Amino acid sequence: MRAIRPTPEEYTFSYAASEPDRPHVRVATVRVLLPAFDPWLLFLVFVLTFGGLAMLFSASYAIGIEQYQSPFYFVIRQAVWAALGFAAMLWVSCLDLSRLRAWSLVIYLGVLILLAAVLFTPWGMTHEHVRRWLKLPFLPPFQPSELAKIALVLVLAHCLGLALQHAHFSWWTWLGVVALSAPVVGLIFPEPHLSTAVLIVLTTMVMVFLAGAKWRQMGLVIAGVVVLSVFAYSLLTPYQRERIKSFFIGGDHQGSNYQAQQSVRALKEGGLWGKGFCQSQRKLFFLPAAHTDFIFAIIGEEFGLAGTLLTLSLFGCLIFKCYHLAHQCADPFKSLLCAGIGTLLALQVLINIGVATHLLPTTGVPLPFISSGGSALLCTLLGMGLVLNVSRSPREWTWRGHDEDIARRRWHGRTHLPGVSHR
Amino acid sequence: MGVQKTTKKRTVFVLAFWLVCIAGLVGRLVQLQAIAPAREKQSNALDERDILPRRGAILSRAGVPLALTIDRFDVTANPPAVPNRAQAAVQLAALLGLPKDEILKKLSKTQRWNPRTRAWEKNHYVMLKEAVPEAVAANIRGLLTPKDRKTLPPLYGIELRERHLRYYPLRQFAAQLLGYLNDAGAGVAGLESGYDEELGGVAGKEIAKRDAKKRAIPGEWHEVIPPVDGHDIVLTIDDGIQLIAERAVEVAQRKYRPNWMCALVMRPRTGEVLAMTTKPDFDPNRVTVQDVSAGRTINYATRFAYEPGSTFKLITAAAAVERVPTWDVARYNCEGVRQVGKHSIRCWIYWLKRRGHGIGGLSDAIKDSCNLVICRFAQEMGGDSFLDYIRNFGFGKPTGVFGERKDGRGRCREARGIVPARIERKDPAHLANISFGQAVMVTPMQLLTAVCAIANEGVLMKPYLVREIRTSEGDVILRHRPQVVRRVIARSTARAVTSFMVRCVKEGTGKPGAVPGYEVAGKTGTAQKVTKGAKTYSGSAYVSSFVGFLPARRPELAILVVADEPKGSYYGSQVCAPVFREIAEKSMIRLKMIADH
Ligand SMILES: [Zn+2]
C-alpha cells in the first residue's frame, strides 16, 4: 500500500517538479487520473454491494411477485441505484477534498432545504403514515435524510477540523456542533424517523468525542441529551412508543416483537451452514420486511452461521479500514471524515444486526449495502467515495486553516498544498 | 498539536469499542445458530390439507334424487388487501344482492382481536356470503382476473372458496328418514347419519410446503391424494307412494292436530319399505333449533314405542288360532265389564253404551275389536306360548330396517319396544291387558312388520329401506334382497287371521278403511296412553292407528297409520282409517302404473 500511496516527500517532489506558476490544483488532477485508492477498501465495497444485490434478490423475489408481479422488481431498482451509486462514489473519490471542504456548508444548507421540502412542500411524499420521501422526476422517490447523514458528517468534520487546529475544545465549539446538528435532527425527527434521528445524534457525539471534547463536557452533554430524549419520548407517536415498550416489557403490540421472533427463528433455522441460496422459508411472508430491515435474518437462514459471520467480518473490515485511515491521517478534517463515515456504518450495522438478533428493540435501520432502499445505498456509496478519496492521500493536508489563508490573502479558499517546510 | 494525539488515541478507543460490539454480535450469532437451533429445525413441516370428497346422493327406487351434493362458492375477503373498499363494496353489493353498507362494514374489519395473545392483529378473513351459485361466482371470477400486469383486478382481495352444499330438492319429503348434516358436513340424523361412512367418502389430501399466506410454495414438495367420492344410496322408497302418504297424512294431521302422525307402507312379500313419513316435518335444507327441540326431526315410525291397543289383537288372534284347538267354535260372552283378579276390565263399547258386545267368537272379537272376548282366548292358550308368539313376530327387538353395520349394530337408532319377560301369574289382568295391546310397547315399524308376516302367509320378512349402494361411477357394490326371518305362523293361520281382518273392514270397526274395488284386510286401534307421571291410563290421551293390507288374497301393500293424541276424535276408525284408504287407493293405482310400464 505504501508503494502506491505517495508520501509527503513524493508530493513535495511532484509539487516542486511542476511549473511554479501553474495552479496546484492541476497537479492534483493529474494524480486523479491514476487513482491511488486503497484497493482493499474498494474490494470490500464491491463485495458488499454485489453480494448484497444477490441477497436482495433472494429476499425480495417473493414479495416482488406478490406486489408487483415481478421477481426482479426490487433487485433491478437496487441495481440501478447501485450503478448510480458507484458512479457517484468514483466521482466523489476523485474530487478535490479541499474544495469539497470549502463547499461543505453550502452542501449542508442544501440538504437542510431538501429536508424542509420533505416536510413542508407538496413534493414530500407520505407512505404508511410517515413523510420521508421526496418525489423526483424520472427517478424513484428519494430519502433526503440519508443524504443528511453524510452532509452532517462532512460539515462536522470541517468545523471540528478547524476547531482542532485551535487545539482548544471550548463550549463555543459545542455550541457550533449543536447549531449544526440540531436543525438536521429537528427536521428528521418529526417525519417521523426516530432511528435516523438517533443515529445522527450518536454519530455527532462520537465525532465530538474523537475531536477531543473534554470528558467532563461529554458527561454533561450526554446528561443533557438523556434529559432531552426523555422529553422527546413524550413527543413520540403511540406507534413508536409501543415499539420501544414492547421490547422492554415484552408485550406483542403491532407485531414488532413478532418480527423479532420470526427473525430469530430464521437465524436458528439457518444453523451452521444454512438452507442454501433462495431456500429461505421465513421470507415467504412469515418475516415482514424480509428484504429491508430484516435481510440479515434471511442471510442467516440461507447461509447459516458461516454467512452471518462472513457478512459481519466484511463490515468489521470496512469499519476497521475507515478507522485505520482516520488514525493515519495527519489532517484532522480527513481523520474526522473517515471516522464519521465509519461511525455511521458501524452504528447502522450494529443496530440492524442487534435488532435482527433481538438484542435491541425493533427499529427501521437498514443494513448498509444490502437492504432494499435506493437512497440508502446511494448515500452509503457516497460516503465510501469520501473515504476512498481520503485513502488516496491520507497524509496530505487539505486546509492549513482559515487564519493562514487570510494571512496569505487567499480569500478564494483554494487548496493550499502543504510542504514539509510548513510543519 | 496535542489535539491530534487525543484524536488518534480516541480513534483507537472507538474502533476498539466497535470491534467489541461486533464480537458481542458474533457471540449472539453463535448462540443462536450453532448452539440453540436443534429444537427449531423441524418448524417448517409439511402442511397437510384435506380435500373434501363429494358426498353421495340418496335416491328413491326410481332414481329420483332425494338428497344430493351441489357445488357452491363462499365469497370471502382479505380486508387489508382490498385497495378500494368503497368501490369493491358497490360492485359486490350488485353481484351478491346484499346492502352496500353491510359489505363495506365487513371489508373495513382490518383488525381482529386475538384473545390468546390479547392483542389486535391483522384480520385476513371475513365471510361475505355463503354458498353462492356458480353463475354469481363466475361474475366475481371475471373481476378477479387481472387485465394486465400493471393494474390490480377490480375485486383484488376478494376470494372464492369452493364448497359442497347438501341439497334436498324435495325439501320436507321423507325428511325424518333422510336426516340432515351438521355444520361440519357429517350426518347427524336418519340415513345421513346411518350411512355416513358410505355417503361421506374418503377425504383426499394436499400435502405441501406453504408460505405465511398459506399458498403452496412453487418448486417445493407438493403432493395431492385425490379424494374418493361418497357412494350413492338407492332406497326402496317409491317416490310416488311416499308423496301419496305424505299428502294424506298431512291433511289428517291438519284436521286432527295429533302430536305427530306417521304412515308406513311396506310390500309384505319382500319387506321393502315403500313409504315412511312423519308429520309435522321439517326442511332438512334449513334445520332450525325449533325443529330439533319440538321433535320434528324424530322419525317416530322407528323411534317411538307405544302401546298398540287393538291392532295388537291380530297377534293374539294369530296365536290363538295356533294354540287354541277350539278357536273356530269357541264362543264367549262380552258383558262390557268384567272383574279379572283385582282389576275390572272394560270393553271399549261399555264407555259408549254401558253394555257389552254379547256372545262372540274369535272372528267377532277382531270384527268388533272386543277386549273381553280376545282376553278369554289369551287365557285359554296361556301366557307363555302367547309371549313366544309375540317374540317370534319380532316385538321387543329392533327390526333392523335401516340395515346393520359390519359389527352387527343397527345403522340408525331404533326403539326396541317392551315385551314383558314373563306374564305375572298372580295378576291375571296382566295377560288380559297384553291380549288387547296394553302393557306391551311396540314401534309402528315392528307392528307393520308383524302384520306383513300375516299378509305374507305367515312368513316374517326382514324389512329394509336400502336397495342398493353404488359407487360414484355407478358400480353396484351392495344389493339388498328380500330376506326371510322365520315362519311365525302356519299358512292356514295366516289365512284365518286375514279373513278376520277382511270381515273387520267389511262389517266391523274398520269400515272407513274399505277401498272400492279391493278386498281389504284391516284392523283399527285405539290405545289409551299412560299420562306422564301418572300410573293410570288417561281417559283423554289416545294413540289411534289403523293397520291393513290389500288385496287380501294376494297382498301388494301393507299400510300402517298411527296418530299420537289426535284432538276432536280419537278412534282409529275415524282418524286413521280414512288416511289408510287414501294411501291404499292411490298407491294401488301407482303400483298398476309401474307394472304397466
Ligand atoms: Zn266387547
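The values are calculated or read from the model by the stated rules, or taken from the named source; none is laboratory data. Note that this is a predicted model, so its numbers are computed, not measured. Every residue, glycine as well, gets a Cβ built from its backbone with ideal geometry; the counts of neighbours run over all protein chains shown. We work out accessible area using only protein heavy atoms, side chains counted, and drop any ligands, DNA or RNA first. Shrake-Rupley method; radii C 1.70, N 1.55, O 1.52, S 1.80 Å.
Using the structure shown, decide if residue B:563 is part of a helix (DSSP H, G or I), modelled with pLDDT of 90 or more and open to solvent by less than 60 Å² (accessible area, probe 1.4 Å). So residue B:563 does not fit the description; no.
Wholly within segment B:114-210, which helices (runs of 4 or more DSSP H) include no fewer than the required count, namely at least 3 residues that are charged (D, E, K, R) and under 21 Å from residue B:277 (Cα atoms)? Before you say what the answer is, go through the steps one by one.
Details: elements: B:134-144, B:175-178, B:190-194, B:196-200.
Of the helices (runs of 4 or more DSSP H) lying wholly inside segment B:114-210, none has at least 3 residues that are charged (D, E, K, R) and under 21 Å from residue B:277 (Cα atoms).
Which one is nearest to the chain's Cα centre (by Cα) among residues in segment B:455-471 that are at negative phi and open to solvent by 60 Å² or more (accessible area, probe 1.4 Å)? First the steps, then the outcome.
Of all residues in segment B:455-471, those at negative phi come to B:455-456, B:459-471.
Retained after the next criterion (residues that are open to solvent by 60 Å² or more (accessible area, probe 1.4 Å)): B:467, B:470.
On the way: B:467: 17, B:470: 20 Å.
For segment B:455-471, the residue satisfying everything is B:467.
The residues of segment A:195-209 that are open to solvent by 10 Å² or more (accessible area, probe 1.4 Å), within 14 Å of another protein chain (Cβ to nearest Cβ), in contact (Cβ under 8 Å) with a residue 12 or more places away in the chain and not β-branched (Val, Ile, Thr), listed by number, are A:202, A:205.
Are any residues in segment B:566-578 part of a helix (DSSP H, G or I) and either open to solvent by 10 Å² or more (accessible area, probe 1.4 Å) or polar (S, T, N, Q) (or both), and if so, which ones? Lay out the reasoning, then the answer.
Within segment B:566-578, the subset part of a helix (DSSP H, G or I) is B:572-575, B:577-578.
Answer for segment B:566-578, where residues must be part of a helix (DSSP H, G or I) and either open to solvent by 10 Å² or more (accessible area, probe 1.4 Å) or polar (S, T, N, Q) (or both): B:573, B:574, B:578.
Pairs are defined by a Cβ separation below 8 Å, a sequence spacing of at least 6 or placement on different chains, a first member in segment A:364-381 that is under 16 Å from residue A:75 (Cα atoms) and open to solvent by less than 20 Å² (accessible area, probe 1.4 Å), and a second member that is aromatic (Phe, Trp, Tyr) and outside any loop (DSSP other than H, G, I, E, B); the pairs so defined are A:367/A:296; A:368/A:315; A:370/A:296; A:374/A:81; A:374/A:142; A:375/A:81; A:375/A:142; A:377/A:81.
Would you kindly identify the strands (runs of 3 or more DSSP E) lying entirely within segment B:395-504 that contain at least 3 residues that are aliphatic (A, V, I, L, M)? Give the steps one after another, and end with the answer.
Numbers: elements: B:459-461, B:466-470, B:476-479, B:484-487.
Those strands (runs of 3 or more DSSP E) span B:459-461, B:476-479.
Taking helices (runs of 4 or more DSSP H) as the structural unit, those lying wholly within segment A:3-92 and holding at least 2 residues that are open to solvent by 50 Å² or more (accessible area, probe 1.4 Å) and modelled with pLDDT of 90 or more correspond to A:39-68. Scanning segment B:44-78 for residues that are at pLDDT 85 or above and over 21 Å from residue B:162 (Cβ atoms) gives B:58, B:59, B:60, B:61, B:62, B:63, B:64, B:66.
Examine segment A:339-349 for a residue that is of a type outside the set (S, T, N, Q), crowded, with 24+ Cβ neighbours inside 10 Å and within 7 Å of chain B (Cβ to nearest Cβ), and state whether such a residue exists. Yes - at least one qualifying residue is present in segment A:339-349. Within segment B:347-360, residues that are free of Cβ contacts under 8 Å to residues at least 12 places away in the same chain sit with their Cβ atoms under 9 Å from residues that are more than 10 Å from the ligand (Cβ to nearest atom), at 6+ positions apart or across chains, in these pairs: B:351/B:539.
In segment B:162-187, the residues that are farther than 21 Å from residue B:299 by Cα form Cβ pairs under 8 Å with partners that are of a type in the set (Val, Ile, Thr), at six or more places apart or across chains, as follows: B:164/B:69; B:164/B:70; B:165/B:69; B:165/B:70. Whether a residue is modelled with pLDDT of 90 or more, more than 14 Å from every other protein chain (Cβ to nearest Cβ) and either under 23 Å from residue B:348 (Cβ atoms) or more than 16 Å from the ligand (Cβ to nearest atom) (or both) was assessed, and residue B:432 does not pass this test.
Per-residue answers, yes or no, for (1) within 14 Å of another protein chain (Cβ to nearest Cβ); (2) open to solvent by less than 70 Å² (accessible area, probe 1.4 Å); (3) on the phi > 0 side of the Ramachandran plot:
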{"position": "B:101", "(1), (2), (3)": "no, no, no"}
{"position": "B:113", "(1), (2), (3)": "yes, no, no"}
{"position": "B:123", "(1), (2), (3)": "yes, yes, no"}
{"position": "B:132", "(1), (2), (3)": "no, yes, no"}
{"position": "B:147", "(1), (2), (3)": "yes, no, no"}
{"position": "B:160", "(1), (2), (3)": "no, yes, no"}
{"position": "B:168", "(1), (2), (3)": "no, yes, no"}
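Just one of the listed residues (B:177, B:165, B:170) is farther than 16 Å from residue B:286 by Cβ and modelled with pLDDT of 85 or more, and it is B:177.
Annotation note: Cβ proximity below 7 Å between a residue of segment A:319-334 that is at the interface with chain B (Cβ under 7 Å from one of its Cβ atoms) and a residue that is among the aromatic types (Phe, Trp, Tyr) (sequence gap 6+ or interchain) occurs for A:319/B:18. For segment A:288-315, a residue qualifies if it is open to solvent by less than 10 Å² (accessible area, probe 1.4 Å) and either over 26 Å from the mean Cα position of the chain (by Cα) or without any contact (Cβ under 8 Å) to a residue 12 or more places away in the chain (or both), and the qualifying residues are A:301, A:302, A:304. A count restricted to segment A:264-282 and to residues that are more than 14 Å from residue A:308 (Cβ to Cβ) and more than 9 Å from every other protein chain (Cβ to nearest Cβ) stands at 4.
Comparison of B:362, B:352, B:387 shows that the only residue that is open to solvent by 50 Å² or more (accessible area, probe 1.4 Å) and either more than 9 Å from the ligand (Cβ to nearest atom) or touching a helix residue (DSSP H, G or I) at 6+ places or on another chain (Cβ under 7 Å) (or both) is B:352.
Quickly run through segment B:310-343 and pick out the residues that are away from the ligand (no atom under 14 Å from the Cβ) and of a type in the set (Gly, Ala, Ser). Across segment B:310-343, the qualifying residues are B:317, B:318, B:319, B:320, B:330, B:341. Summed over segment B:369-389, residues that are part of a helix (DSSP H, G or I), within 23 Å of residue B:350 (Cα to Cα) and either under 37 Å from the mean Cα position of the chain (by Cα) or at pLDDT below 85 (or both) total 1. Open to solvent by less than 50 Å² (accessible area, probe 1.4 Å), part of a helix (DSSP H, G or I), at pLDDT 80 or above and under 30 Å from residue A:85 (Cβ atoms) - does that describe any residue in segment A:210-228? Looking through segment A:210-228, at least one residue is open to solvent by less than 50 Å² (accessible area, probe 1.4 Å), part of a helix (DSSP H, G or I), at pLDDT 80 or above and under 30 Å from residue A:85 (Cβ atoms).
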